[in-house]
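The structure appears below as structure tokens.
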Amino acid sequence: MAIITGGAGGIGSATVRRFVEEGARVGIADVDEARGRALADALGDAALFLRCDHGNPDDCRAAVAAVVTRWGQLDILFNNAGIGWTGTFDEVADGQVAELMRANLVGPLLMTRAALPALRERGQALRARNVSPVVVFTASGLGLHARPAVSLYTVTKHGVVGLMRSLALDEGPNNVRVNAICPGIVETSLMYRTMARWGDAQTILERSRQEAPLRRIADTSDVANAAVFLASDEAKALHGACLVVDGGVHG
């Protein structure tokens, strides 16, 4: 039983579908009601749309309660929702600072805090089987490194990695695993909107491919597959880890 934030978007919807393929029941947490409900309807009883702004603690608690009421437990939280931004510190307006921090860092923190009581309960129930419930974050390669002209976005994603690592230390004794995916550029509608601030998105995309040793960049299925792995019992010894999905850009 899982909650995926940003579940109606590119990476989120791909991950929702992959989780359902693996037999999971998924709460699709998103503010995009049209796309979220359409996805839930397409997946039938395996999915539940949750109208949730993860920057609102009441929405977070309600989403967790809805999943536990519907399916009896919560095993997986995938903190995937977030927004992109390009620009130096001087180019970011005051309001955009707050927006980015809320979407990319405060939201995942609030959602995790709301989910932890249910996850800890599952952790105790699963301890004898040597497996754990899981929190997975979508961070970024820019949570581990830095590049010019993406300053504030880089700050938020470093914060996500720090949050993940801190939670891993705190929640390990509760038998809750915590990890992060650090994608590079992923071809989604969000990516195109973000890249448009830099110039022609297709040109930037091709340059990114050439920077990658594999000469390709990740697509949504690559990130979805990484999330499935980290959430699975096959990854039961992975804790406090960053799984980089970027075609080898950062070695």
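The values are calculated or read from the model by the stated rules, or taken from the named source; none is laboratory data. Because the structure is predicted, anything quoted here is derived from the model rather than measured. In this analysis, Cβ positions are derived from the backbone assuming ideal geometry, glycine residues included, and neighbour counts consider all displayed protein chains.
Quick look at the values:
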read-out: From the options VAL106, VAL131, residue that is crowded, with 16+ Cβ neighbours inside 10 Å, at pLDDT 95 or above and assigned to a loop (DSSP other than H, G, I, E, B); value: VAL131
read-out: Whichever residue in the stretch 139-162 is modelled with pLDDT of 95 or more and surrounded by 21 or more Cβ atoms within 10 Å (Cβ to Cβ) and, among such residues, is farthest from ILE76 (Cα to Cα); value: THR156
read-out: Only one of GLY84, GLY159, GLY95, GLY141 that is in contact with a His (Cβ under 9 Å, 6 or more places away or on another chain), outside the structural domain of ILE204 (by TED's automatic domain parsing) and more than 15 Å from HIS239 (Cα to Cα); value: GLY141
read-out: Test result for GLU211, modelled with pLDDT of 80 or more, charged (D, E, K, R) and not assigned by TED's automatic domain parsing to the domain that holds GLY10; value: yes
read-out: Test result for PHE229, closer than 29 Å to GLU21 by Cα, surrounded by fewer than 20 Cβ atoms within 10 Å (Cβ to Cβ), of a type in the set (Phe, Trp, Tyr) and in the same structural domain as GLY7 (by TED's automatic domain parsing); value: yes
read-out: Candidates PHE78, PHE89, filtered to the one that is in the same structural domain as ASP233 (by TED's automatic domain parsing), modelled with pLDDT under 95 and either touching a helix residue (DSSP H, G or I) at 6+ places or on another chain (Cβ under 6 Å) or within 20 Å of GLY10 (Cα to Cα) (or both); value: PHE89
read-out: Residues of the stretch 25-73 classified as farther than 17 Å from LEU109 by Cβ, of a type in the set (Asp, Glu) and surrounded by 19 or more Cβ atoms within 10 Å (Cβ to Cβ), total; value: 1
read-out: Where a residue in the stretch 59-73 is assigned by TED's automatic domain parsing to the domain that holds PRO108 and its partner, wherever it lies, is hydroxyl-bearing (Ser, Thr, Tyr) and not in a helix (DSSP H, G or I), with Cβ under 7 Å and at least six apart; value: none
